[in-house]
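Here's the structure, in structure tokens; my notes come after.
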Amino acid sequence: MPVEIDDDLCGLCLGCAAICPERLYAIENDSLVISDGCTDCALCIECCPIKAISLID
Ligand code: SF4
Ligand code: SF4
């Protein structure tokens, strides 16, 4: 299941990028993008201080 970021909430702290074991996060045009390959580990969701990340069906 992929994850989704609420760009209106995200403060670009990059905690999620640092914690993702698959290194799926990158910044493009001042917003976060996530590559394919998510393993649903949920580490990024748990680390986001403002709950801007969610799993999508
Ligand atoms: S759920 Fe895990 S693998 Fe998927 S983007 Fe978040 S930290 Fe990376
Ligand atoms: S941890 Fe949350 S606020 Fe920080 S960059 Fe990731 S989505 Fe944005």
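What follows is calculated from the coordinates using simple rules that are stated; it is not laboratory data. All of these numbers come straight from a predicted model, not from anything done at the bench. Note that we place each Cβ from the backbone using ideal geometry, even for glycine, and neighbour counts take in every protein chain shown.
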Checked pairs for segment 20-45, first under 11 Å from Ile5 (Cβ atoms) and near ligand 1 (Cβ under 10 Å from one of its atoms), second among the polar types (S, T, N, Q) and not in a loop (DSSP other than H, G, I, E, B), C-beta under 7 Å and 6 or more apart or across chains, list as Ile45/Ser54
Can you tell which of Leu9, Leu24, Leu32, Leu14 is aliphatic (A, V, I, L, M) and touching a Lys or Arg at 6+ places or on another chain (Cβ under 8 Å)?
Leu9
Can you name the residue in segment 46-57 that is surrounded by 14 or more Cβ atoms within 10 Å (Cβ to Cβ) and touching a helix residue (DSSP H, G or I) at 6+ places or on another chain (Cβ under 8 Å) and, of all such residues, is nearest to Glu4 (Cα to Cα)?
Ile53
Residue, nearest to Leu12 (Cα to Cα), within segment 46-55, restricted to residues that are in contact (Cβ under 8 Å) with a residue 40 or more places away in the chain and within 11 Å of ligand 1 (Cβ to nearest atom):
Ile53
With respect to Gly11, is the statement that it is among the small types (Gly, Ala, Ser) and touching a helix residue (DSSP H, G or I) at 6+ places or on another chain (Cβ under 6 Å) true?
no
